[in-house]
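Structure, as C-alpha cells:
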C-alpha cells in the first residue's frame, strides 16, 4: 500500500497491542524509481525489533509524519502509545498513514533497513501529507514507524494467506504494487499464478523477483481512466482460464485495448458506494457470514485484489457473483477511494 490511505479493517492500531510497537526511524536513502514512485529507506537502532524478514508479504505498517511545522510528535512509548498520540492536540500529532513494506533487510549485526515505496500524487489539490513528505525527503529526516514486533504474527496486518498448494491471482493498481512485489518475492519457488499491476505510465514498471511459475503483467494507463486496464486484463484472464489449469504464458500480454464489459460494470453494487471495502477469507467488514473453506476448493485458487475501492469491488463482483468463486477464496482490500481524502 503506497497511497495516503488506511485500511478499513485496521482503524485502531491498538487492536494488536503488544504485537505492534512504535519506534523512531530516520531516512537512510531516497531513490526515485520512476515518475510515479520514490523509494525511501528507513534506518535506525529502534528498527531492530520491527518486522519479520522472509515472511513480510503484504504487511501493513503505520507511518507518522512530522507536523506542518516540521515537528515530530512525541507520544508515550509502550502499548499505550496510540492513546497518547490521539490525546495530542491535532496540530501537534502530525499525520498517520498506512503503507506496505516493500523490503526488509537485516544485517548480521541485526541492523535493519525498511524500504517503503511511495506513490507521488503531486497534482495540486490531490496531494496528501505522505506524498508531500516523500517528495522532499532527505537523508536524516525522521518519522515514527508502527510495525509488528519481530517474531510476532498475532497483530494482523497480513492478508495474503493462501493454502500452500493454491494457484494465485494478484491484482492491483500502483498503491498495491509494493505489496504485490513483496508477496511474490517472499513466495515459495513453486508458486504458480498471475499478477496484474496497473501503473500511471509506461516508465513505472519495476523488476520483481517472482517465482518462475508466476506471470507478471504491468498495465500502464498512459492517460486512460483509472482501473480500466486492470479490470479488462483481469476479466479477460479469468474468462479464458478461470481455474488456472494451464501454466501461465510468461510472454503473452493481455489485450489492453479490451474495455471492461459495459453491462457488467454499469450498475455498482451497494458495497461499491461505500468509502472503502475490506473483505478477506477471515474477515468481513459488512458482517457477511464466511463459510469455512473446503479442501476441494480453497487449496486450488486464491485471489488477492487491492487498490482503488470501486475498481476492487467491481472485480470482486465478477469473481463471486458472475464466475461463482467462493468468497472465502477472495481477499479484496480498498486501499483508497478516488475523490476521498484518506486518514489514519
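Each reported figure results from applying straightforward, stated rules to the coordinates on display, with no laboratory input. All figures in this text were calculated on a predicted structure; none of them were measured in a lab. Reconstructed Cβ throughout: ideal geometry from the backbone, glycine too, with neighbour counts over all protein chains shown.
Some values worked out for this structure:
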read-out	value
Most to least packed among 149-162, 170-183 [average Cβ atoms within 10 Å]	170-183, 149-162
Alpha carbon Rg of the range 8-148, scaled by the compact-globule rule 2.2 N^0.38 Å	1.01
Calculated diffusion of the range 103-179, Stokes-Einstein form, Kirkwood radius summed over Cα pairs, 25 °C and 0.890 mPa s, µm²/s	153 µm²/s
Relative packing of peptides 48-56, 192-200, 81-89, 128-136 - highest average C-beta neighbours within 10 Å first	192-200, 128-136, 48-56, 81-89
Added length on full extension, which subtracts the Cα-Cα distance from 0.36 nm per residue, residue 236 to residue 106	42.8 nm
Inter-site label distance for residue 87 and residue 43 at 7 Å from Cα along Cβ, in nm	3.5 nm
Distribution of pairwise C-alpha distances over the range 87-231, 10 Å bins, in %	9, 32, 36, 20, 4, 0
